[in-house]
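A quick write-up on the structure given underneath.
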Amino acid sequence: MLIFGSNSVFSQKLVKTSSIQAGFFDLGYAREFPVSNKTVINVFGGMYGGFFYNSFEGAQFDLVPVVSVEPRLYYNMAKRLSKNKKIDFNSVNYVALNCAYVFGMLSTNPYFLTESTFSVSPEWGFRRYLGKRFTFDLAIGPGFNKSLFEPLNVSVNVYITFSYHLKTRVSEPTN
């Protein structure tokens with residue numbers, strides 16, 4: 001079980017961010033809301049895409065709408081600050097619990113209906129500042145996926161995302 005909380009205070013606070021995210025298989029809008037000195041809630045809405053294979057139709061690409069809520073615990077901000085590394089736009093390592101609802105509406109194959117799925121994925125990840133308003137995120141972890149008519153499915157989730165930050169402001173987290 002992951003516990004999200006705060007034990008120490010940093011000289012730099014987490015910031016509230018709004019960004020457009022684009023990855024290899026996703027595109028959408030995300031906001032981060034600080035809730036403590038080390039914790040944010042990341043909310044994402046957009047589209048996920050992926051390649052799938054089934055024995056009846058073969059390989060296919062599906063594009064589906066998704067919404068997710070993800071508590072993130074950032075854990076190496078002080079270390080990065082002590083090494084004079086950039087922490088702009090919360091550019092530090094984190095552990096997270098991604099909770100996503102994937103709507104089953106769109107498919108490139110008219111004979112294959114994509115079901116709605118609820119997914120929970122504990123993840124380890126990091127964000128790095130690329131310059132001006134851009135960041136790079138990488139996260140990995142097991143995904144536990146459940147749809148209405150299918151048994152629990154376990155997957156490996158890898159997120160590789162580039163973000164353009166629209167707004168950022170230092171926010172006073174609640175403790």
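Just so you know, all these numbers are worked out from the coordinates, no wet-lab data involved. These numbers come from a predicted model, not from an experiment. Backbone-built Cβ (ideal geometry, glycine too); neighbour counts: all protein chains shown.
Taking a virtual spin label 7 Å from the Cα of Ile41 along the C-beta vector, which residues in the stretch 57-92 bring their backbone nitrogen under 15 Å of it?
What the label zone holds, given the 15 Å backbone N cut-off, is 68-73.
What full-extension length gain, to one decimal in nm, is calculated for Phe51 and Ser155 as 0.36 nm per residue of separation minus the Cα-Cα distance?
Roughly 36.1 nm would be gained on extension.
Net charge around Leu130, counting only other residues with Cβ within less than 14 Å of its Cβ (Lys, Arg = +1; Asp, Glu = -1)?
Residues near Leu130 contribute +4 overall.
Report the calculated FRET efficiency for Arg31 and Phe103 (r = Cβ-Cβ distance, R0 = 25 Å), to the nearest 0.05.
Calculated transfer efficiency: 0.80.
Please order Ser116, Ser68 by the number of other Cβ within 10 Å, starting at the fewest.
Ordered by Cβ neighbours within 10 Å, fewest first: Ser116, Ser68.
May I ask you to evaluate 6.51 cos²θ - 1.76 cosθ + 1.60, the Karplus curve with θ = phi - 60°, for each residue of the stretch 94-102 and list the ³J(HN,Hα) values in order in whole Hz, giving x for glycine and proline?
7, 10, 8, 10, 7, 10, 10, 10, 9
For Lys146 and Trp124, compute 0.36 nm times the residue count separating them, minus their Cα-Cα distance, and round to one decimal in nm.
Length difference between fully extended and current span is 5.8 nm.
Of Lys13/Lys132; Lys79/Lys146; Lys38/Lys85; Lys79/Lys132; Lys86/Lys146, which pairs sit farther than 29 Å apart, going by alpha carbon to alpha carbon?
Exceeds cut-off: Lys79/Lys146; Lys86/Lys146.
Compute the Cα gyration tensor for the stretch 15-170, then decide on rounded, prolate or oblate, letting a ≥ b ≥ c be the square roots of its eigenvalues: rounded whenever a/c is under 1.5, prolate when a/b is larger than b/c in the other cases, and oblate in all that remain.
Note, shape of the stretch 15-170 comes out prolate.
I'd like to know which of Tyr74, Trp124, Phe25 lies farthest towards the positive end of the charge dipole of the stretch 15-170, counting +1 on Cβ of Lys and Arg and -1 on Cβ of Asp and Glu.
It is Tyr74.
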